[in-house]
Every structure is written in C-alpha cells, then in structure tokens.
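Asker: One structure coming up, written as structure tokens, with questions to follow.
The values are calculated or read from the model by the stated rules, or taken from the named source; none is laboratory data. The model shown is predicted, which means the values in this text are computed figures rather than measured ones. Glycine gets a Cβ as well: all are built from the backbone with ideal geometry, and neighbour counts include every protein chain shown.
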Amino acid sequence: MPEVITHDGAILNDEWIVVERPAEGESLDIPSRPALIPADLWLAGKEHFLGRQDIGVWFDSHQEPEMLEGLVNELSVIAVNFPKFADGRGYSIARLLRERLGYENELRAIGDVLLDQLQFMKRCGFDRFVLRADKNAEEAARCLNFFTQGYQAATDTDIPLFRRRAS
Amino acid sequence: MYVYDEHDRQIAAERVEQFRDQTRRALAGELAEEEFLPLRLQNGLYVQRLAPMLRIAVPYGMLSSKQLRALARITRDYDKGYAHFTTRQNVQLNWPALEDVPDILAELAEVEMHANQTSGNCIRNTTTDQFSGAQDDEIADPRPYCEIIRQWSTFHPEFAFLPRKFKVAVNASEHSDRAAIQVHDIGLQLVRDNNGELGFRVHVGGGLGRTPMVGPVIREFLPEKDLLTYLEAVLRVYNRYGRRDNKFKARIKILVKALTPQGFAEKVEAEWAHIKDSPTQLTQDAIEKFKTYFTEPAYEQVPDVKETLATQRFENRAFDQWIAHNVDAHKKPGYAIVTLTMKKTGTPPGDVTDRQLEQIADVADQYSFGEVRVTHQQNVVLADVRQDKLFELWEAITPMGFATANLNTLTDVICCPGGDYCSLANAKSIPVAEAIQRKFDDLDYLYDIGDVDLNISGCMNACGHHHVGHIGVLGVDKKGQEFYQISLGGSSHHDAAIGKILGPSFAREDMPDVVKKIIDVYVDNRTQEEAFLDTYRRIGIDPFKERVYA
C-alpha cells in the first residue's frame with residue numbers, strides 16, 4: 001500500500017491516486033476511487049464532479065492557484081507537484097492556497113519530495129507528504145522537526161520572531 | 001554588534017545538528033550527490049579543485065576580536081593555517097575535510113557564527129558599507145536593517161529553492177556607495193522622504209555575471225516598517241515567475257528586463273497589497289530593539305589632533321602616505337577610520353594566515369573597541385581609532401603587512417581565488433594580480449595615477465566584480481589556454497556602470513604591459529582634476545584601443 005506522511009511524521013496508508021494530464025486530444029479518465037486530477041481540468045468540468053468528495057486536484061509548479069479563487073474549500077484534497085525538488089515554486093503555491101485563498105482542507109506535496117525539504121513544506125502549509133518512493137518514511141518525523149522555531153511568519157505561524165521577542 | 005539571544009542560539013544549535021545529520025546521510029550514501037548538493041551549498045560548502053571549500057558568513061562584514069580568534073583556531077585545527085576574505089564580506093577556508101565540517105560549524109556557533117546560505121539558490125549574506133556607523137554622511141546606520149534582513153532570510157521556508165542565488169545590499173551614505181547596491185539583485189538605499197520619515201529607495205535587478213546590469217529603481221520610497229513585507233513580495237514574484245529553464249537566464253535581472261522595470265514593479269505592488277499589513281510589518285519597538293545592538297561604542301571626549309598628526313606626517317613620509325590613503329574621516333572628533341590593506345604584493349588578495357587573524361584581533365582590541373569590518377574589496381576596517389593613536393597603530397601593523405598604503409589605488413586589486421583554487425574558473429587570477437602589482441611597485445607613481453579600481457575575475461561568474469572595475473579583467477579559456485579580456489569604464493559606486501570590452505583578449509604574460517599602456521593613455525590625456533574614470537568618460541574607449549592594439 002502506498003504511504004502518505006502527516007505533518008507530525010506519522011505514516012498512513014494512502015488511498016489517493018494522481019491522475020496524469022491526458023495527452024492532447026484525449027479525454028480525462030476519471031477513476032471510481034479517490035483521485036487527484038489536474039486543477040484546470042477540474043475547474044473546466046466542475047459540474048461533472050458534484051457530489052464526488054473523493055475527487056481532489058493537483059497543481060503543477062507553473063500553474064497559478066488563483067484560478068480556484070473562491071472554490072478551494074469545495075475540495076477535500078489539493079496537491080502541489082514538485083517536478084524536481086529544486087523547483088521551489090510549489091512553496092509559494094502552498095502559501096497562496098492557505099493564506100490568500102483560505103484553503104482549509106488537506107494540502108499534500110507530491111512528486112520529487114525528499115526528506116530535507118519537508119520542514120520547509122510544512123511551514124508553507126502542507127500537511128501531507130508523499131515521499132519519493134526510494135526515501136525512507138521512517139526518517140520523516142526527525143527531518144520535520146530539526147527546528148523548534150523559525151525567524152519568519154509563514155503559514156504555520158503568522159507571528160514572526162521579532163514580535164514574539166518584543167512581548 | 002548584534003548579540004544572539006536564546007532564540008538565535010537555539011536556531012544555530014539546531015542547524016548544526018541538522019547539518020551533522022545531513023552529512024552523515026551523505027557519507028552513508030543515503031543522499032545522492034545531487035540531493036546533497038543544495039544542502040551543502042546552503043551551508044557554504046563547495047567541492048572544489050583541491051578540496052572542499054567552506055564559506056563562512058560574516059553578516060554585513062562585522063567581526064569581533066573573539067570571532068577572529070576562533071577563525072584563527074579553526075584554520076589551524078581544520079585547515080592549512082590560512083583563510084581568505086571574499087568579495088561578499090565573508091571568509092573562506094580552502095582545505096577543510098567534509099567530515100569535519102559539522103564540528104567546524106559547532107565551533108563557529110559557539111562564537112555566534114555560521115555558514116548559512118553563503119552559497120546556493122537562496123538569499124545570501126546581506127552586505128553593506130564598511131564605514132557604517134562611523135561616517136558622518138549617513139542617513140541612518142544600515143546595520144540594524146541588515147540584521148533584520150538576515151533574520152528574515154535565514155531558513156525562509158518559501159525561498160530556499162529560488163531560480164538562482166539572490167543578493168541584497170544596503171547603503172546608507174548620501175554621497176558614496178561602498179556597498180555597490182546597484183549591481184545587486186536588490187539594492188536598498190536609505191533615504192528620508194519630504195516629511196523626514198526614514199525609508200528605502202529600492203533597486204531591483206542589478207547584477208554581474210554573464211549579463212551585467214545596473215539595477216533600476218522600482219520604488220522611490222519604501223517606509224522602513226514595510227521593509228520585510230516588500231522584500232517578501234519581490235521574492236515571491238521572483239520565485240513564481242523567474243526563469244528555471246536556463247541557469248544563465250535565471251537571475252531576477254532577466255525577469256525585471258523581460259517584464260520591464262515598471263511591469264515588474266506593478267506585479268510586486270499587487271502582491272505587496274495583500275501582505276503589507278500582515279504581522280511581518282515591522283513594529284517601531286522591534287526596529288528600536290535592533291538598533292540597540294548597534295549603538296555607538298564608548299567614545300572618549302578627545303579633540304582632533306591635527307597639529308601632532310601634521311608633525312608626524314612631516315617627519316615620516318611613509319606614515320604620511322598611509323594617512324593620506326588608508327585613513328578616512330570619522331564622525332567623532334578625535335577619531336579616524338583605518339583600513340588594513342590585505343594587498344601586499346606576493347600575497348593573494350584577501351588571504352590571511354591564522355597568525356594574522358590573531359594580530360588583527362589584537363589591534364582591534366587595543367585600538368578599535370574589539371570590532372572590525374571586512375570589506376567587499378577584501379580589506380579589513382578598524383572603524384573607531386583615536387587619532388592620537390594612529391602613529392602607534394601604524395608602527396604596529398607595518399610589520400604585520402597591513403599598512404601597504406595602496407587603498408583604492410591600482411594595486412588594491414579585487415580578485416577572486418581563480419583557477420588556483422576554484423573549479424569554476426577558466427583561468428588563474430591571482431598571478432595576474434601579482435604581476436600587475438609588481439609592475440606598479442612605485443608608490444609615488446601609483447599615487448600620481450590616483451584612484452583606479454582594478455577588478456579581476458577568473459570566469460563569467462564575476463566573483464572578482466570585473467564588470468564594475470574601472471579596469472576589469474576576465475579570465476577566458478581559448479582552446480585550453482588561459483587568456484584575459486579587458487573591459488574599461490565600469491563602476492560600482494553612485495555612478496554605477498558596466499565596463500565596455502576593449503577588444504580581443506591577451507596572454508597572461510602580456511597583462512602588466514597592457515595595463516601600463518591603458519594607464520599611459522590616461523596620463524597623457526587627463527586634465528589636472530580628472531581621475532581615470534573621468535578621462536575615460538570624456539575621451540571614450542577608442543584612444544585606449546588604438547594604443548593597446550597598435
């Protein structure tokens with residue numbers, strides 16, 4: 001069974017699958033099980049998915065989360081893809097989903113997700129992580145907790161250290 | 001100087017343990033080389049031609065004597081007994097062993113130092129004017145703002161994987177720019193608006209490297225309280241829209257150019273509107289608290305000692321030259337700013353031995369409140385020296401090799417480590433610097449030539465800032481042979497400009513004569529009050545071309 005890691009490093013079985021973007025001219029094949037589909041395709045065919053709580057969306061790193069403004073909380077799962085771990089756009093996408101668009105449900109990191117990036121992802125609002133298959137999920141809890149605090153405000157805390165010090 | 005509180009100490013200690021864990025996994029083969037790469041780079045660790053190189057952060061150039069002594073001990077215990085001051089006000093070790101780096105970091109943390117984000121595609125060490133707080137024409141001391149930026153940028157979770165490296169510099173002086181802010185990704189100039197409110201003029205998209213550019217102004221006035229929210233908006237726009245398909249087009253300058261400065265500014269303003277009133281907006285209390293770390297040292301009430309100095313200068317010509325070139329005016333009566341030059345001919349620019357680091361610590365303790373500043377010209381500044389101690393200080397530092405009276409002259413070369421150490425380099429740079437220094441060894445002649453910035457880089461990455469040298473030298477590789485291309489007319493100061501390429505490149509052995517010909521053209525054409533750059537700007541590049549390629 002595939003695994004997904006929670007924000008505190010617990011390992012859960014993962015029921016969700018990611019549906020790749022169909023090739024040009026082909027239509028989206030919607031599985032009858034929990035599935036994440038490309039965010040723009042969900043938006044374009046939204047009426048087809050009414051009542052399907054087991055359909056979520058995923059963003060690729062070049063996509064703009066603003067396209068779902070006002071709609072995000074209709075979804076129970078949103079994923080952001082990291083095509084390469086060095087592509088840092090997903091961190092901004094996550095913060096915008098949480099802080100700008102007010103998304104409150106599950107936000108997962110998918111793709112080239114490695115252990116040493118988890119701490120940053122967590123601070124930017126991700127609460128589920130699908131590690132790249134060759135990485136050891138048992139180490140996630142340690143890597144999520146190297147730091148007990150950060151200097152800046154982010155999604156996890158809106159109070160930067162300079163304000164905590166002042167009090 | 002900034003002093004860690006319990007939060008800073010905890011974060012620094014946790015960072016050491018994190019890097020220890022990462023190094024262990026890398027050595028155990030659990031992390032692939034390309035996965036460990038950004039982790040070690042964000043900790044200043046390069047794998048170089050001869051050994052790893054560790055770049056240690058010196059936030060905005062400030063070092064205490066205690067830190068200097070710790071650096072001396074580390075170079076002795078873990079390296080070959082010398083270190084290198086870089087053009088980003090940092091310190092590099094050239095020979096540490098990878099497995100020792102966590103222990104080095106632990107020792108650094110004990111003296112409130114680190115190597116965070118000194119490399120990699122993240123926000124790098126913020127730099128500023130080495131005369132901060134001691135000069136009389138600054139709008140406000142820039143260092144509290146540099147420390148505010150340091151803390152905000154340290155392990156910023158959103159900006160650890162930017163398209164490319166990102167450098168911020170702050171300048172506070174009204175009349176000079178020793179921080180070269182217009183050739184940074186973000187350059188901040190402290191200003192006051194018409195109501196006397198303190199803030200920044202914001203330049204974005206300057207830089208050197210393959211595509212050198214002077215950074216345009218994208219905001220004329222940013223109130224100081226909005227510093228971090230605005231930086232966050234700039235970085236977010238860059239992180240989202242900066243190019244990631246081509247490493248050579250990934251710096252923010254390319255994005256600013258593509259969108260136009262106005263188009264870029266509009267995107268930043270739109271982003272900023274959402275976050276400007278967030279809790280990241282600075283409070284007056286917080287700003288005041290940061291300022292308390294950079295208060296004046298305990299200056300004594302002493303008068304200027306013009307007459308004594310005049311007598312000493314009259315009686316000793318070498319002292320006179322040193323005062324004229326390496327000593328600057330101070331805002332306090334009776335004090336002076338002294339630059340220790342690390343440019344003695346025969347020593348690679350910026351290199352210091354462990355013993356010299358301790359000597360610098362000793363003179364800092366004795367003459368300048370135990371603090372120094374590293375400059376991006378690879379020298380070291382004692383910012384608060386009593387004028388009546390100048391002669392004594394000069395006598396002390398002369399045998400140490402720090403009193404070469406060539407500050408800002410042709411032989412005060414900015415130079416990267418080059419092909420002798422760096423695996424990126426196309427050509428060696430240190431031997432070129434040395435050959436030119438040997439050619440121009442007559443101080444009187446050097447003084448007659450006046451201020452000339454000679455900057456040498458061993459490759460396109462431009463660590464030696466060659467684009468903004470009045471005379472810039474770039475090492476190039478031609479079919480496996482080292483050649484050197486010259487550019488003229490660059491400047492990193494208020495009148496920032498990118499130099500123009502003179503023409504085809506030269507072999508290394510020809511370089512001293514080529515530079516001599518360039519200087520001759522200047523000497524032949526100058527009017528009485530013209531410095532090198534003025535003459536160049538008046539007569540253009542052609543007379544130089546004609547002479548050099550005749």
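Asker: If you go through the stretch B:27-76 one residue at a time, how many are more than 30 Å from B:I181 (Cα to Cα) and free of Cβ contacts under 8 Å to residues at least 24 places away in the same chain?
Answerer: The qualifying residues number 9.
Asker: So which residues in the stretch B:250-261 are in a helix (DSSP H, G or I) and in contact (Cβ under 8 Å) with a residue 24 or more places away in the chain, if there are any at all?
Answerer: Correct list: B:I252, B:K253, B:I254, B:L255, B:V256, B:K257, B:P261.
Asker: Let me ask something additional. Please tell me if B:R164 is part of a helix (DSSP H, G or I) and either of a type in the set (A, V, I, L, M) or outside the structural domain of B:I56 (by TED's automatic domain parsing) (or both).
Answerer: No, not satisfied.
Asker: While we're here: What's the number of the condition A:D116 fails, among (1) without any contact (Cβ under 8 Å) to a residue 24 or more places away in the chain; (2) buried (at least 17 other Cβ atoms within 10 Å of the Cβ); (3) acidic (D, E)?
Answerer: (1)
Asker: Moving on. Could you grab me the full set of residues in the stretch B:167-200 that are assigned to a strand (DSSP E or B) and modelled with pLDDT under 95?
Answerer: Of everything in the stretch B:167-200, just one residue is assigned to a strand (DSSP E or B) and modelled with pLDDT under 95, namely B:S173.
Yes/no per residue for (1) surrounded by 14 or more Cβ atoms within 10 Å (Cβ to Cβ); (2) closer than 21 Å to B:V168 by Cβ:
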| residue | (1), (2) |
| --- | --- |
| B:K247 | no, yes |
| B:E271 | yes, yes |
| B:Q284 | no, no |
| B:E307 | no, no |
| B:R313 | yes, no |
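Asker: Identify all residues within the stretch B:101-121 that are surrounded by fewer than 19 Cβ atoms within 10 Å (Cβ to Cβ) and within 24 Å of B:P163 (Cα to Cα); write none if there are none.
Answerer: Result: no residue meets the conditions.
Asker: Something else now. Tell me, yes or no, whether the stretch B:66-83 has at least one residue that is assigned by TED's automatic domain parsing to the domain that holds B:L37, closer than 19 Å to B:T154 by Cβ and crowded, with 21+ Cβ neighbours inside 10 Å.
Answerer: Yes, the conditions are met somewhere in the stretch B:66-83.
Asker: Which of (1) of a type in the set (D, E); (2) closer than 29 Å to B:T23 by Cβ; (3) surrounded by 15 or more Cβ atoms within 10 Å (Cβ to Cβ) is the odd one out, the single condition A:E106 does not satisfy?
Answerer: Here A:E106 clears every test but (2).
Asker: Can you tell me which residues in the stretch B:129-183 are of a type in the set (D, E) and within 14 Å of chain A (Cβ to nearest Cβ)?
Answerer: Scanning the stretch B:129-183 gives B:E147, B:E158.
Asker: If you don't mind, another one. Report whether or not B:P38 is of a type outside the set (F, W, Y), more than 28 Å from B:Q356 (Cα to Cα) and out of contact with any Pro (no Cβ under 8 Å at 6 or more places or on another chain).
Answerer: The answer is yes for B:P38.
Asker: Something else about it: Being farther than 30 Å from B:K249 by Cβ and assigned to a helix (DSSP H, G or I), is that true of even one residue in the stretch B:109-130?
Answerer: Yes, the stretch B:109-130 has at least one match.
Asker: Taking only the stretch A:19-44 into account, find how many residues are part of a helix (DSSP H, G or I) and within 20 Å of the chain's Cα centre (by Cα).
Answerer: Summing the residues that are part of a helix (DSSP H, G or I) and within 20 Å of the chain's Cα centre (by Cα) in the stretch A:19-44 gives 5.
Asker: Can I ask one more? Is it fair to say B:T292 is out of contact with any strand residue (DSSP E or B) (no Cβ under 8 Å at 6 or more places or on another chain) and surrounded by 12 or more Cβ atoms within 10 Å (Cβ to Cβ)?
Answerer: No: the conditions fail for B:T292.
Asker: Among what's in the stretch B:389-428 and is of a type in the set (F, W, Y) and in contact with a strand residue (DSSP E or B) (Cβ under 9 Å, 6 or more places away or on another chain), pick the residue that is surrounded by the fewest Cβ atoms within 10 Å (Cβ to Cβ).
Answerer: The extreme case among them is B:W394.
Asker: Quick check on my filter: what residues within the stretch B:479-494 are modelled with pLDDT of 90 or more and of a type in the set (D, E, K, R)?
Answerer: Once the filter is applied, which keeps residues that are modelled with pLDDT of 90 or more and of a type in the set (D, E, K, R), the stretch B:479-494 yields only B:E482.
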